[in-house]
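Following: one structure in structure tokens, then a few remarks.
Derivation of every value follows stated rules applied to the coordinates shown; laboratory data play no part. Only a predicted model underlies this, so the values are computations on that prediction, with no experimental measurement involved. Cβ: placed from backbone, ideal geometry, glycine included. Neighbour counts: every protein chain shown.
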Protein chains: 2
Amino acid sequence: MHPRALRDTPVGSVLLTNGDIDHIAGLLSLREQTPFQMFATGEIHKVLADNRIFDAVNREVVPRVTVALDQPFELLPGLTAKLFAVPGKVPLFMEGTEVQTDLEGEQTVGVRLSDGAKTAYYIPGCATVTDKLLDQIADADQLFFDGTLWDDNEMIRTGTGVKTGRRMGHIPISGPDGSIVRLSGLKAAKTFIHINNTNPIWQPDSLERAFVTGNGWQIAADGQETEI
Amino acid sequence: MHPRALRDTPVGSVLLTNGDIDHIAGLLSLREQTPFQMFATGEIHKVLADNRIFDAVNREVVPRVTVALDQPFELLPGLTAKLFAVPGKVPLFMEGTEVQTDLEGEQTVGVRLSDGAKTAYYIPGCATVTDKLLDQIADADQLFFDGTLWDDNEMIRTGTGVKTGRRMGHIPISGPDGSIVRLSGLKAAKTFIHINNTNPIWQPDSLERAFVTGNGWQIAADGQETEI
């Protein structure tokens, strides 16, 4: 981390795992000439390059570092990261008429984070838990995982959208193919993140929340800190 | 205004007066399929069109209406608006190596708002108060005006930037060419808006604030409502 200064922030590095608005729009609030390093895949950097508004994040102050999939790199001193493909899709604003929702490439990635002693995985968007993904994250001490929706029809049922969760690139929590069942064999501590405001697990007294916590999952909250 | 509905907002129309981040990034928070009309000049619409991230603001739900300079149009039922050129510049992220800071065109505009009885002007960015501008706003009952900086060297003096105010397209409040002196002949009620966080008029007990209010200006605050 760099020294404290006027208009400084505690942000040393930014790692983008997706090119959609909820992952990149925050950069526009970090544009006041504060130095940090910005890591992303080539495809995600291309989204930024194709939208000139992100030129406000000055490349001379904020170096844009392209990282390859499956290649470890130093995210911060003492913290190694590695990106890997996760089933997903291109950003909403780049969708064409046909959308592949189980694309595995540089558009949607998960992150392996390790300090050499403990290992955490951060996967905020995932359309389906494949056997390949289960192998990838088998060594997790802590998993932060996509908790967008409780069930696949949630947006439609609540009148807040017209798409299923899987169409949006998000596996539901519940059901036989849902994340709880698919990830039940993992020995890691598990925390749902990226939770939509339609998700009933937000309700303190809901059966859904009780089911999630009863299955050993934590439900993340703003400002939460997790010790691993 | 349209009827209340799930995930509705009270926003009926959005009028963009500039294509820079502080004027357009908020659109990315209004993207949840909520209908409103979006008005702007052709040049400002071009900034949005050139940045695909704004495709998330669905054109089928949010019509993009191009308005010509100096042509009145209905912004909301009973409220007529008119855009006019104000000295300014292109957005920061579109600056080339040479920057014209007193450009008068479609990139930076002021707004005349009238319900037929009273007239307000909204001018959040203005590099210099020309005689033409004074003529334009002579019939104002209320003026909301660019109060970004107290003096031209403020960003440099406070170590928060390397550019003068005029280089950023903002006339200072103070000085013989500043906005208070230049606008002193106007009969309108006057309010400073778009005030930078370096501006000493924010300090409750500052001499600068006393000077501003002593000259009959109001200093806007978040959530303020003004009756005209």
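For B:Lys82, the aspartates and glutamates whose Cα falls under 14 Å of its own Cα, not counting residues fewer than eight places away in the same chain, are B:Asp70, B:Glu74, B:Glu106, B:Asp115, B:Asp139. So, counting K/R as plus one and D/E as minus one, what does the shell of residues with Cβ under 15 Å around B:Ala138 add up to? With Lys, Arg at +1 and Asp, Glu at -1, the net is +3.
Rounded to the nearest 5, what % of DSSP beta bridges with both residues in the protein assembly as shown are antiparallel?
45
Take the Cβ-Cβ distance between A:Asp131 and B:Asp205 as r, set R0 to 60 Å, and report the resulting FRET efficiency rounded to the nearest 0.05. My answer for the efficiency is 0.35. Across peptide A:55-61, the average count of Cβ atoms from other chains found within 10 Å of a residue's Cβ is 2. Ascending distances from the B:Arg167 label point to its copies in the other chains, with the point 7 Å along the Cα-to-beta-carbon line: 5.1 nm. Each Lys or Arg adds one and each Asp or Glu subtracts one; over the other residues with Cβ under 14 Å from the Cβ of B:Thr128, this totals -1.
Axis between A and B by rotation; chain A residue with nearest Cβ and distance in whole Å recorded as A:Asn51, 2. A DSSP coil position with no more than 16 other Cβ atoms inside 10 Å describes the following GluC sites (Glu not before Pro) in region A:33-74: A:Glu60. Close amide H contacts of B:Leu103 (hydrogens built in the peptide plane, cut-off under 5 Å, sequence separation of 5 or more or a different chain): B:Gly88.
Cross-link pairs exceeding 18 Å in C-alpha to C-alpha distance, out of B:Lys118/B:Lys190; A:Lys46/B:Lys163; B:Lys118/B:Lys187; A:Lys89/A:Lys190, comprise A:Lys46/B:Lys163; A:Lys89/A:Lys190.
What net charge is computed for the residues neighbouring B:Ile53, neighbours being all others with C-beta under 12 Å from the C-beta of B:Ile53, Lys and Arg scored +1, Asp and Glu -1? Could you put the intermediate results ahead of the total?
Numbers: positive: A:Arg52, B:Arg31, B:Arg52; negative: A:Asp20, A:Asp22, A:Asp50, B:Asp50, B:Asp55.
So the environment of B:Ile53 carries a net charge of -2.
Qualifying trypsin sites (Lys or Arg not before Pro) in region B:137-228, where qualification requires a DSSP coil assignment and no more than 10 other C-beta atoms within 10 Å, comprise B:Lys187.
Couplings 3J(HN,Hα) of region B:133-150, computed from phi: 5, 4, 4, 4, 9, 4, 8, 5, 8, 9, 10, 9, 9, 3, x, 3, 10, 6 Hz, in residue order, whole Hz [Karplus 6.51 cos²θ - 1.76 cosθ + 1.60, θ = phi - 60°; x for Gly and Pro].
Using R0 = 25 Å, the C-beta based FRET efficiency linking A:Val65 and B:Glu95 works out to 0.55.
Rounded to 0.05, the FRET efficiency of the A:Ala138 and A:Ala5 pair, given R0 = 30 Å and the Cβ-Cβ distance, is 0.10.
Once the chain from B:Gln224 to B:Leu30 is taken as fully extended at 0.36 nm per residue, the excess over their C-alpha distance is 67.7 nm. Phi angles of region B:163-170 translate, via the Karplus equation with coefficients 6.51, -1.76, 1.60 and θ = phi - 60°, into HN-Hα couplings of 10, 6, x, 4, 4, 8, x, 10 Hz per residue; Gly and Pro are given as x.
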